[in-house]
Amino acid sequence: MNEDLLALETRRKIYTLIEEKPGLHKREIARTMGMSLSTIDYHLHYMEKKGLVEARTDGKYKRYFVKEKGGKEDRRIFSMLRQEVPRRILLFLLAHPRAIHKEICEHIGKAPSTISFHMKKLVKEG
């Protein structure tokens, strides 16, 4: 990490948050930091340009990661785990590896189409 690029306290705090909680999207960062979206956007843009952080688009969200931390596989996993339904599906399947679609729907409490959507996304992401 280049200390000169993180000389501003706000930027350093944002970087530290992303380092501690990889895969956050801009609004989550703003909420956690108690800052405006425009302030967060300014600093994220600067840090992306300088190669400190990188973003990965996940559907409608742009999720942020510290550049030197974690590989592509780690970023995909963090992105999926940040979303409630995929996280709950994964946790359920870890505990019940032979579960069928109906059991997943009942446990998660979502419509079969919702579970199918997220399952396809999980399969696609690997």
- Query: Restricting attention to the range 107-126, which residues are among the aliphatic types (A, V, I, L, M) and in a helix (DSSP H, G or I)?
  - Reply: ILE108, ILE115, MET119, LEU122, VAL123
- Note on the structure: Among residues of the range 53-70 being over 9 Å from the mean Cα position of the chain (by Cα) and within 13 Å of PRO22 (Cβ to Cβ), the residue surrounded by the most Cβ atoms within 10 Å (Cβ to Cβ) is VAL53
- Message: Among the numbered criteria (1) in contact (Cβ under 8 Å) with a residue 24 or more places away in the chain; (2) assigned by TED's automatic domain parsing to the domain that holds LEU24, which one does GLU48 miss?
- Response: (1)
- Within the range 82-102, which residues are closer than 23 Å to ARG56 by Cβ, among the basic types (Lys, Arg) and without any contact (Cβ under 8 Å) to a residue 40 or more places away in the chain? ARG87, ARG88
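The values are calculated or read from the model by the stated rules, or taken from the named source; none is laboratory data. Here the structure is a predicted model, which means the values were calculated and not measured. A quick note on method: Cβ atoms are made from the backbone with ideal geometry, for glycine too, and the neighbour counts reach across all protein chains shown.
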